[in-house]
1. From the set of residues in the range 105-129 that are in a helix (DSSP H, G or I) and of a type in the set (D, E, K, R), which is farthest from the chain's Cα centre (by Cα)?
2. Has the range 41-59 got any residue that is in contact with a strand residue (DSSP E or B) (Cβ under 9 Å, 6 or more places away or on another chain) and of a type in the set (D, E)?
3. State all residues of the range 68-92 that are in a helix (DSSP H, G or I), surrounded by 14 or more Cβ atoms within 10 Å (Cβ to Cβ) and in contact with a helix residue (DSSP H, G or I) (Cβ under 9 Å, 6 or more places away or on another chain); if no residue qualifies, say none.
4. Take the range 54-67 and flag every residue that is surrounded by 12 or more Cβ atoms within 10 Å (Cβ to Cβ) and either touching a helix residue (DSSP H, G or I) at 6+ places or on another chain (Cβ under 6 Å) or not basic (K, R) (or both).
5. Restricting attention to the range 1-45, and to residues there that are among the hydroxyl-bearing types (S, T, Y) and surrounded by 15 or more Cβ atoms within 10 Å (Cβ to Cβ), which single residue is nearest to A66 (Cα to Cα)?
6. So which residues in the range 8-26 are part of a helix (DSSP H, G or I), over 12 Å from E77 (Cβ atoms) and under 11 Å from the mean Cα position of the chain (by Cα)?
7. Can we say S102 is in contact with a strand residue (DSSP E or B) (Cβ under 7 Å, 6 or more places away or on another chain), among the polar types (S, T, N, Q) and either part of a helix (DSSP H, G or I) or within 30 Å of L50 (Cβ to Cβ) (or both)?
8. Residue pairs, Cβ under 9 Å, 6 or more apart or interchain, first in the range 40-68 and under 15 Å from N13 (Cα atoms), second aromatic (F, W, Y). List them.
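A short reminder: the numbers here are calculations on the coordinates, not readings from a lab. Please read all numbers here as calculations on a predicted model, not as lab measurements. Backbone-built Cβ (ideal geometry, glycine too); neighbour counts: all protein chains shown.
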Amino acid sequence: MTTIKRLPSAELNIMLVLWKTDKPVTAAYVMNQLKESQQKQLAITSVLTLLTRLSEKGFVEIDKSAKANLYSVLISEAEYSSLESKSVLEKFYGNSLTSLVSSLVNDEAISKQDINDLRDYLNNLHEED
């Protein structure tokens, strides 16, 4: 799969459940996990529809050989997260990491400790070169 598109919230919630498991799971498992983590409960038909969409988009593989269909991920959380981060950086901050960090600081979304941790991280990267 060469292009990964941004997932709508409902599909992303399904993927978050699947990424937390290390084995193929049923739609009923996904539905139960969603029920535990969200206030709104989805019907099994909605979960099945979302899983089918995710399969069509290349995010999920469906194994139909068992009594109940089993769903497993094809795109890792790290891969999706990386692409989403790049997209946000590009679209909102003109590919400027400085603009992103400045925005977070101005909005008080990151603490002084976060800034110190970032500084230490960057210093360590520089020392490795």
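1. Narrowing the range 105-129 to residues in a helix (DSSP H, G or I): 105-106, 112-128.
Now narrow it down to the ones that are of a type in the set (D, E, K, R): 112, 114, 117, 119-120, 127-128.
Working: K112: 27, D114: 22, D117: 24, R119: 26, D120: 26, E127: 31, E128: 29 Å.
Among them, the one singled out is E127.
2. No, the range 41-59 contains no residue that is in contact with a strand residue (DSSP E or B) (Cβ under 9 Å, 6 or more places away or on another chain) and of a type in the set (D, E).
3. At the first step, the residues of the range 68-92 found to be in a helix (DSSP H, G or I) are 77-92.
Now drop any that are not surrounded by 14 or more Cβ atoms within 10 Å (Cβ to Cβ), which leaves 80, 83-84, 89.
Within the range 68-92, Y80, L89 meet the criteria.
4. Initially, the range 54-67 is screened for residues surrounded by 12 or more Cβ atoms within 10 Å (Cβ to Cβ), giving 54-55, 57-62.
Result: L54, S55, G58, F59, V60, E61, I62.
5. Taking the range 1-45 first, the residues among the hydroxyl-bearing types (S, T, Y) are 2-3, 9, 21, 26, 29, 37, 45.
Applying the additional criterion that residues be surrounded by 15 or more Cβ atoms within 10 Å (Cβ to Cβ) yields 26, 29.
Values: T26: 10, Y29: 15 Å.
The extreme case among them is T26.
6. Residues of the range 8-26 that are part of a helix (DSSP H, G or I), as a first pass: 9-20.
Filter once more, keeping what is over 12 Å from E77 (Cβ atoms): 9-11, 13-14.
Correct list: S9, E11, N13, I14.
7. Working: in contact with a strand residue (DSSP E or B) (Cβ under 7 Å, 6 or more places away or on another chain): no; among the polar types (S, T, N, Q): yes; either part of a helix (DSSP H, G or I) or within 30 Å of L50 (Cβ to Cβ) (or both): yes.
So S102 fails the test.
8. That search, which allows pairs on different chains as well, returns L51/Y71; R53/F59; L54/Y71; S55/Y71; F59/Y80; V60/Y71.
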